[in-house]
Each structure stands twice: as C-alpha cells, then as structure tokens.
1. Can you compute the FRET efficiency between A:H29 and B:V13 using 1/(1 + (r/R0)^6), with r the Cβ-Cβ distance and R0 = 41 Å? Round to the nearest 0.05.
2. Longest span of chain A, sites excluded, free of trypsin sites (Lys or Arg not before Pro) in DSSP loop with at most 12 other C-beta atoms within 10 Å?
3. Sort B:82-90, A:80-88 by packing, meaning the average of other beta carbons within 10 Å per residue, with the highest value first.
4. In nm, to one decimal, how far is the B:Y70 label point from the B:D52 one, both placed 7 Å along Cα→Cβ?
5. Can you pull the one-decimal nm distance between simple spin-label points at B:S27 and A:E68, each 7 Å off the Cα toward Cβ?
6. What's the percent breakdown of Cα-Cα distances in the protein assembly as shown across 10 Å bins, shortest bin first?
7. Any idea how many Lys pairs in chain A come in under 20 angstrom at the alpha carbon, given 8 or more places apart or on separate chains?
8. So if I average 1/r over every pair of distinct C-alpha atoms in chain A and take the inverse, what Kirkwood radius in Å does that give?
Amino acid sequence: EAGVVQSPRYKIIEKKQPVAFWCNPISGHNTLYWYRQNLGQGPELLIRYENEEAVDDSQLPKDRFSAERLKGVDSTLKIQPAELGDSAVYLCASSGLTAYEQYFGPGTRLTVT
Amino acid sequence: GQSLEQPSEVTAVEGAIVQINCTYQTSGFYGLSWYQQHDGGAPTFLSYNALDGLEETGRFSSFLSRSDSYGYLLLQELQMKDSASYFCAGGATNKLIFGTGTLLAVQP
C-alpha cells in the first residue's frame, strides 16, 4: 500500500513569489492534515479536511495561504506571496477513523530567499 | 492554552534504557500519542495511550497519568537507529497538538 505522497520534496523561491505543494493521502483516508514544521520544533497544524470540507483552518494565515481538496482525495496548499518566515517543512498527513494515529508524507522543504 | 513540554535533548548509550518525559497543560485531551522522526524524515507513529497506565510495544513503552498531566516514552535496549527526535502529541477533538520534541542521541 502506498503511503502519503507529497511533491515537490524541495523548493527554493524568492520572497513575494507564489508556491504550491501537492499531497495525495493514503487511499481511503477521509481526513487530511497540512502541518508546518520549523527547525527543531514539532509540527503545527495549518488546516484539517474531512473529505472535501475544511473543518479546522484556525491556524492558517488566510491572507497569504490557501488550500483546497476539491474531490476529497488529493490536496494543494498554496502560499502567495511567500515571505522569508515561511521557510519551513510543510508536511501532509492523513488518518482513518482516529486522529491519534496519523500517517505523514516526506514533506516539502521550502526555502524562501 | 494547549502546550506539551519535553526535554530538548537526551543522550544515552547503546543498550541502555532511556525515558523521555512529556508534561502538558491543556483541556480536552483524550489521550497521548508518540511519534518518531529521523533527521530529514517524516514523523512515524509509535504508540498511543487512551487510558492511564503503561502500553508496551516491543522495545518501546508509553505511560500516561491524566491526573498528573504527564506521560513518558520508555525505550529499552537502545540501538543506534533509535537516534531521532521524539514528539508527544495530545489528542484534542479530531486533531493532534504536538510537543516541543526531544532529540535523542544514542552513543556507542
């Protein structure tokens, strides 16, 4: 069974440029999460989807971040425009019936210069 | 607020036993999970405590005391491959809140 797939693995952009990350969760997992992880810290939830509905986006900086999961399967997270402070690893995770056991993708390491 | 605190670093020798503590201040937590993350890798699920007490999974055990808002991960027979960051995560309504993380260095 394939795990959570993310692309790209690495992205380097200049500030003020847009960037997008893609995630395909484990087949059958209805819940999808986007996290941001800064160096030396734990993952911080940005947004959680139940199927195609964003049920928790309280930590998403909505002035520059957006996300979608149109058909309840794969998802895209976008930043426009990027700022230097957005440099981090962006992790996607999915889960089945319980949130305590989540499956993470390899992440996208974003560097904003 | 909701926060989970862990020691930033722990060092141990191969073959030893190490305990990584997690204290939390939050309301509404229904359990405590533990994740392992190797450098540059994805967090992977290790264990979950829904109830007070000890859960054992091979060389790893996890403990939870709700009354003390405290838990720990116990790693036995340490191996070099156990060198990684370990995160506790509190289970809130349909989501996890991750702790600050503990970097475990296993020395030969």
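The values are calculated or read from the model by the stated rules, or taken from the named source; none is laboratory data. All figures in this text were calculated on a predicted structure; none of them were measured in a lab. Here Cβ is always computed from backbone atoms with ideal geometry, including for glycine, and neighbour counts include all displayed protein chains. Each accessible area value is taken on the protein alone, full model and side chains, heavy atoms only, with ligands, DNA and RNA left out. Shrake-Rupley method; radii C 1.70, N 1.55, O 1.52, S 1.80 Å.
1. Efficiency, from the Cβ-Cβ distance: 0.55.
2. A:17-61
3. The packing order, highest mean first, is B:82-90, A:80-88.
4. Going by the 7 Å Cα→Cβ label model, 1.3 nm.
5. Each label point lies 7 Å from its Cα, and together they span 3.8 nm.
6. In whole percents, the pair-distance histogram is 8, 33, 35, 19, 5, 0.
7. Lysine pair count for chain A: 6.
8. 13.9
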